[in-house]
Amino acid sequence: MSSSENVIQRGKLLVHIAENGHSFELDCDEDTLVVSVQRYLESLSGIRLTDQLLLYLDLKLEPQSPLSTYKLPSDDREVFVFNKSKMRSNSAPPGPEEEFELSENIYVDPPQPTSSLDPHPLDEAPDPALKALPSYERQFRYHYQLGDAIYRRTLMKYNACEKLAREQRVQEKALEIARGNLDHFYKMINQNYMDFVKCYSQQQRTHSNLLVNFGRDLERLKSIKLLPFLQTADRKCLLDFVKEDNLRKMVDDCNNSHRQFECKVGDFKHEFGELKRSTEHLFSNKASILSRDLERTVKEHEHHINEQKSIMQALSKDVGLVKKLVDDCLTSQLSSSLRPHDAVSALGPMYEGHDKSYLPKMQSCEHAVSNLLVFCKNKKSEMNNFVHKYMQKIAYIQYTIKEVRYKFSVFTEALKRQNDQFEQLKVIRGIGPAYRACLAEIVRRKASMKLYMGMAGQLAERLATKRESEIRRREEFLKVNSSFIPRDVLASMGLYDTPSTCDVNVAPFDTNLLDIDISDLDRFAPEHLLGLSLKKSSSSMSQDAEISSESGTETYNDFIEGSELVEIAGTSKLEVENAKLKAELASAIAMLCTFSPEVDFEDGEVGNMLKNSAEKTAEALHLKDEHEKHLLNMLKVKHMQCESYEKRIKELENRLSDQYSIEPKLNKDESTRFTSSEPMDETSYASSSLLLKSGCNDSSGTTNVHLDSSMVEPNRDEKDDKETVVADVGMVLATSSTGDYMPPPMKSLTCDEQVKASGDLVVELQNLLAEKSNQLHDTETKLQAAMEEVTRLSGELEISRNLLDESQMNCAHLENCLHEAREEAQTHLCAADRRASEYTALRASAVKIRSLFERLKTCVSSAGVAGFSESLRSLAQSLANSANENGDDGTAEFRECVRVLAEKVGVLTRQRSELIDRYTKAETSHEHLTKELEEKKELVNTLYTKLQSEKQVNKEKISFGRLELHEIAAFVLNVAGHYEAINRNCSHYYLSSESVSLFADHLPHRPTYIVGQIVHIERQTVKSSPVLAERATTTSSGQGQGQFHLNSGTNPYGLSAGSEYFVVTVAILPDNAIHSPTAAAS
């Protein structure tokens, strides 16, 4: 396994050190163990194997696992190494960034060249110009070597800056990896904490409610008396189901446990809050210097390297040029036009350019890159310290997360134990709902039993009806066929058997249920036993019953689904619906009682439940009303149909009556009609007579006629054995409606048979009408489909016609376009021929011009600077001689251009010589002017110094007029022994005793005069009274401004009363000021 630092190769394992940003590439395969990588990193980075923490994204690399476990090595995957010893709180901070071995020790500046150390054959040349060439060569070579040393130092420093920027970027990536790893664990622990807090909050709310409402719950149970049938000597109320003393003792224990656990959880919440704040603060904290900014700064300094490269190219070119000149001088190969003096004069400006432009620029670039290196080092040190502190914070937070995770198991177990402890207290909350649920279950069972028994009776009635229908059908069959087949043969066939009777017997059950109804629930078990303050009216209770029946009574609904709320067992539909609703309401009440002790709803949750229930109930009632309206509309339609049928039946009855009135006339044909071969005449006549008689019984028969088929559904079985009669009656009506049928005499029928026949006739008419309506609807549908098909085909035909017209127009247009294209192609062919001829002419001209330019190029490259004009002139003459008689405008113009160019080059050559002479003269004049300028500068400096001295002298002159602050004053010792100021305008200026002490204490004798700078002036007035009087004092300070004070004193200077005098305080002058000589000894 080998390594190369900061080199990225394909198939290598790239490893970064987080604490300093160093990178290593390890040559290994997928079977290499992680511990082998750690050992090799220990030898490279110095981090002990036990202190290494290897992370790839959010995964920790285990030492005994191969790299293939983490899909390593890979080109696009990086591994970061963290030093666990540096993550401890007591670890030392990182030291300063290591110093780079820079160019000052590797690439030093070359020594100054001398002729003694580097002799040259031209040093002894008699010509000064030739003697100067080796010196220029040595200087140019020195400049190149110096520039190369500067460039190499600068390049090394710049590479060091790039390395520091890359290391800082690696450190930022390491921080992102560490932050992501911490965020992964923090999210897990935070989710666990949220789940715990949610569970604890719900349990704490439930337990607090149990403890707070314990007394109220006892009173509630105590207030509810048991049913008289359930009461015993020791059980009078619901509270007697439990032992009150044990419950109160248990409440005290639970209350203490609840408070202690609440305190523990509060401390735990505070601890987790601190962890959360620390983590969020850590995530929000970023590095003050981002690597991107540093990389951008380093990139901005790259132009210094490019500038030095260009300067080095210029220096190398100049060194080659001067070396060529020296070699030419040694071999005497200088052209006649280039003299040594010209070469030396041309090398002078180049030398000045090196010394004043190139080398200073390179040194300034090196200085800028050196400053950049210092800046990068400082930022790298800041990043090292930031990473060190950041990783310490991460390690501390991870340690705190581990402690919190260990505490979760403890608190979860305590939560379960406390829940088990409160389970016994929940019994008192569940007694009331359970008691109410039991009473509701009694009501539900009684209603269910009633429905169950009624359905059994209904089943028995249906079976009996089926049996009677079968018996009548068998009797009818025997009555018809017994006249043809002997009875013994029919008996042998078994056709005289009758169906047995079916007895539906239900064994009695629920005989021990208490005799209570739904109205007794609120009297024996009020609703407040549930613990929810829900106020419901009877309508809302029924609505809740409907809602609860949707979820809690599916099985019961399946049980009574077949009843269809019909009249069963001697009860009406209303009674059946009431029994069903009563059962559903009781089931809903029992379900609410089951929920209430288990679920502890908050007030908002209860309100939301009630609101949702009310909304669903209102929606269900609205749907029920809509369905009721729909049924009423259907009933109206059926009623109208029945009225139309009634009118039709009356018309038929009238027609039958008319036909019956002419019956005596047809009595003579009665025997013939009875023996007619058509079997339906007798039945039709009977049906006609039956309809005729049904008109007399309008009160009973007509009512049944008006009933809809869906309303007589329970009697459907009775019609099965009369299908043949109904068909015959329908045929009679259909025949009679045409007026071509005359009914024969019929047998007399009973009134009941007439009514049944009339009802069957109505049903048959309805069926025929429905069938015709269906046929009409099918015909209309087919007609509509056919019309749509015709419309569709017409549209397609129209589209096809339009497409055909458009195709014809397109064909005509294409023919026109083809004709135009042919004409345009002919035109283009002519233009192409013309352009081909032009191209041939242009090519010939270009070849000729190219040959001329080749001659010009040869002339330019072969001739020197001096002979360039002569070569051009010769070329122009040659072109003029080679011109043919016809002449070529292009050649003539070129020849003229060459001639003009030769003349101008000659003029420029002459001007160049004149300019060189002028330059030499100007340089000599410039040197003379420079010397004169230096002399003038020295003279100006001397005059300026003299002027400053005079100003200083004028500033330090002694003032003999009115004395002001910051002026210099002279004081002379008078006869009275006081120092009095020399002043021509104002007198009585005396020197203060403090100033006298300042000047005279360090001298053996008092001076005859004192000179100093005024710093304070005090004005005083002599008073006649010996008592202390007020005197005016003027204290001057600041920039020439005075402040006046009043003081009192005696007359120390022997002045007359009322006289003013001034006491002046002075400071010692500087050393260059005027000094006061000492007085002679008296």
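The values are calculated or read from the model by the stated rules, or taken from the named source; none is laboratory data. Only a predicted model underlies this, so the values are computations on that prediction, with no experimental measurement involved. A quick note on method: Cβ atoms are made from the backbone with ideal geometry, for glycine too, and the neighbour counts reach across all protein chains shown. Calculation scope for accessible area: heavy atoms of the full protein, side chains included, ligands and nucleic acids excluded. Shrake-Rupley method; radii C 1.70, N 1.55, O 1.52, S 1.80 Å.
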Quickly run through the range 118-162 and pick out the residues that are of a type in the set (A, V, I, L, M, F, W, C), open to solvent by 20 Å² or more (accessible area, probe 1.4 Å), under 28 Å from Lys361 (Cα atoms) and at pLDDT below 90.
Ala132
Complete set of residues in the range 371-396 that are open to solvent by 30 Å² or more (accessible area, probe 1.4 Å) and among the polar types (S, T, N, Q)
Asn371, Asn378, Ser381, Asn385, Gln392
When the range 461-517 is checked residue by residue, the ones that are touching an Asp or Glu at 6+ places or on another chain (Cβ under 6 Å) and of a type in the set (Gly, Ala, Ser) are Ser469
Restricting to the range 241-282, give me the number of residues that are open to solvent by less than 60 Å² (accessible area, probe 1.4 Å) and not aliphatic (A, V, I, L, M).
12
Scan the range 221-234 and tell me whether some residue there is of a type in the set (D, E, K, R), farther than 19 Å from Asn419 by Cα, open to solvent by less than 70 Å² (accessible area, probe 1.4 Å) and free of Cβ contacts under 8 Å to residues at least 40 places away in the same chain.
no
Residue hits (the range 781-800; under 30 Å from Gln641 (Cβ atoms) and open to solvent by less than 100 Å² (accessible area, probe 1.4 Å)) are Thr781, Ala785
From the set of residues in the range 397-446 that are of a type in the set (D, E, K, R) and either open to solvent by less than 20 Å² (accessible area, probe 1.4 Å) or touching a Pro at 6+ places or on another chain (Cβ under 7 Å) (or both), which is nearest to Lys187 (Cα to Cα)?
Lys426
Looking at Asn985, Asn1047, can you tell me which residue is modelled with pLDDT under 85 and over 22 Å from Ile958 (Cβ atoms)?
Asn1047
Test Tyr435 against the stated conditions and say whether it is closer than 21 Å to Leu282 by Cβ, assigned to a helix (DSSP H, G or I) and of a type outside the set (Gly, Ala, Ser).
no
Just to confirm my filter: which strands (runs of 3 or more DSSP E) fall fully inside the range 1-115 and include at least 1 residues that are touching a Leu at 6+ places or on another chain (Cβ under 6 Å), buried (at least 16 other Cβ atoms within 10 Å of the Cβ) and at pLDDT below 85?
3-5
Matching entry among Leu239, Leu275, Leu315, Leu294 (being within 30 Å of Leu210 (Cβ to Cβ) and among the aliphatic types (A, V, I, L, M))
Leu239
May I ask you to list the residues in the range 486-518 that are of a type in the set (S, T, N, Q) and surrounded by 10 or more Cβ atoms within 10 Å (Cβ to Cβ)?
Ser492, Thr498
Failed item in (1) at pLDDT below 80; (2) surrounded by fewer than 14 Cβ atoms within 10 Å (Cβ to Cβ); (3) part of a helix (DSSP H, G or I), with Gly887 passing the rest
(3)
Based on this model, can you work out whether Tyr406 counts as modelled with pLDDT under 90, farther than 30 Å from Lys582 by Cα and touching a helix residue (DSSP H, G or I) at 6+ places or on another chain (Cβ under 8 Å)?
no
Looking at this structure, is Cys365 surrounded by 14 or more Cβ atoms within 10 Å (Cβ to Cβ), hydrophobic (A, V, I, L, M, F, W, C), in contact with a Leu (Cβ under 7 Å, 6 or more places away or on another chain) and farther than 30 Å from Asn209 by Cα?
no
How many residues does the range 452-499 hold that are assigned to a helix (DSSP H, G or I), farther than 30 Å from Ala583 by Cβ and of a type in the set (S, T, N, Q)?
3
Please give the number of the condition His813 fails out of (1) open to solvent by 80 Å² or more (accessible area, probe 1.4 Å); (2) within 59 Å of the chain's Cα centre (by Cα).
(2)
Among Asn213, Asn190, which is under 20 Å from Leu275 (Cα atoms) and open to solvent by 20 Å² or more (accessible area, probe 1.4 Å)?
Asn190
Exactly one of Ala165, Ala174 is among the small types (Gly, Ala, Ser), open to solvent by less than 30 Å² (accessible area, probe 1.4 Å), in contact with a Cys (Cβ under 7 Å, 6 or more places away or on another chain) and in contact (Cβ under 8 Å) with a residue 60 or more places away in the chain, and that one is Ala165
Out of the residues in the range 962-1014 that are out of contact with any helix residue (DSSP H, G or I) (no Cβ under 7 Å at 6 or more places or on another chain), of a type in the set (Val, Ile, Thr) and not in a loop (DSSP other than H, G, I, E, B), which is surrounded by the fewest Cβ atoms within 10 Å (Cβ to Cβ)?
Val972
When the range 193-205 is checked residue by residue, the ones that are open to solvent by 30 Å² or more (accessible area, probe 1.4 Å) and within 30 Å of Leu239 (Cα to Cα) are Ser201, Gln202, Gln204, Arg205
Determine the pairs where a residue that is closer than 12 Å to Gln139 by Cβ, located within the range 313-328, has a partner that is buried (at least 16 other Cβ atoms within 10 Å of the Cβ) and of a type in the set (Gly, Ala, Ser) with Cβ atoms under 9 Å apart, the partner being 6 or more residues away or on another chain.
Leu315/Gly147; Val322/Ala343
Only one of Ile224, Ile189 is β-branched (Val, Ile, Thr) and over 21 Å from Thr412 (Cα atoms); which?
Ile224
